[in-house]
1. Can you tell me which of (1) open to solvent by 20 Å² or more (accessible area, probe 1.4 Å); (2) under 23 Å from residue 157 (Cα atoms); (3) at pLDDT 95 or above is the one residue 63 doesn't meet?
2. If a residue has to be part of a helix (DSSP H, G or I), more than 20 Å from residue 74 (Cβ to Cβ) and either in contact with a Pro (Cβ under 9 Å, 6 or more places away or on another chain) or among the small types (Gly, Ala, Ser) (or both) to count, how many in region 1-51 make the cut?
3. List the strands (runs of 3 or more DSSP E) that sit entirely inside region 145-247 and contain at least 2 residues that are modelled with pLDDT of 95 or more, open to solvent by 80 Å² or more (accessible area, probe 1.4 Å) and not polar (S, T, N, Q).
4. Can you name the residue in region 99-120 that is of a type in the set (Val, Ile, Thr) and assigned to a helix (DSSP H, G or I) and, of all such residues, is nearest to residue 71 (Cα to Cα)?
5. Go through region 58-82 and count every residue that is in a loop (DSSP other than H, G, I, E, B) and either among the basic types (Lys, Arg) or within 14 Å of residue 16 (Cβ to Cβ) (or both).
6. Given the condition among the charged types (D, E, K, R), over 19 Å from the mean Cα position of the chain (by Cα) and farther than 29 Å from residue 179 by Cα, answer yes or no: does some residue in region 87-110 qualify?
7. Report, ordered by the first and then the second residue, all pairs with beta carbons closer than 7 Å, sequence separation of six or more or different chains, a first member in region 89-107 that is surrounded by 12 or more Cβ atoms within 10 Å (Cβ to Cβ), and a second member that is β-branched (Val, Ile, Thr) and assigned to a loop (DSSP other than H, G, I, E, B).
8. Which members of region 82-103 meet the condition of being at pLDDT below 95 and in contact with a His (Cβ under 9 Å, 6 or more places away or on another chain)?
Amino acid sequence: MTHPLASRIALVTGASRGIGYATARALARAGAHVIAVAKTQGGLEELDDAIRADGGHAATLVPLDLTDFDAIGRLGASIHERHGKLDVLVGNAGIAGPSSPLGHIEMKSWTGVIGINLTTNFQMIRCMEPLLRMSDAGRAVFMTSRAGGKAPAYRGPYAASKAALETLVQVWAKEVVNTTPIRINLFDPGPTRTKLRGTIMPGEDPETLPTPDQIAELLVPLCLPSWTETGKLFDAASRTLKDPSAD
């Protein structure tokens, strides 16, 4: 087995389950040392056991409430002190939020979705960009959904958060493309057999959907030093790379 991410440091948010868990495991199999961030300690420990079983090095487990933005700053400082760089950032953490008409949504629900799906990623960009600049091939990938462009009824907070995230990521990609080797992209997994998908589409047969492991294998190439595209969106369902601003 080749290890294209040997000696690379990869941070994955929302790593305790679903696509984040599968991605962290896939990055470890590719040779990366994984910094796994999630709120659930038990899920992180299960991930560490799986990485070890795969023959990888023990992951760095970071139980963290990702709405604690000061803690994200402290995490960046800790990574700098221990590793001196960050090679891969996967912004995967996200929540579905309520499925209701806008007028029925409580402010707490709105701020919760925007906080995790958008503001957490903004803080990650602020705190991790200096570390990615210290890599010879920094790569960042953020999980999105075409709900952001399609604006489905009753999915207001989720759709708005993803639309804003796509704009934020494209702005960042344009800001650094000419002055750094950092490459930054969006990844749309499409319908996947996850708990979040089950929350949104409770009547759907999960057996008809790809697994998180299958999706993670498509995401890993965007994290490799050999990946050169930036400011794009990889659509897992069609296996195509798109210009998100062209939709």
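The values are calculated or read from the model by the stated rules, or taken from the named source; none is laboratory data. Keep in mind that this is a model prediction, so the values were computed, not measured. Cβ: placed from backbone, ideal geometry, glycine included. Neighbour counts: every protein chain shown. Protein only, heavy atoms only, side chains kept; ligands, DNA and RNA dropped before computing areas. Shrake-Rupley method; radii C 1.70, N 1.55, O 1.52, S 1.80 Å.
1. So the condition that residue 63 fails would be (2).
2. Final tally of qualifying residues: 12.
3. none
4. Among those residues, the one meeting the criterion is 120.
5. Qualifying residue count, region 58-82: 4.
6. Taking every residue of region 87-110 in turn, at least one turns out to be among the charged types (D, E, K, R), over 19 Å from the mean Cα position of the chain (by Cα) and farther than 29 Å from residue 179 by Cα.
7. Cβ pairs passing all conditions: 98/105.
8. 98
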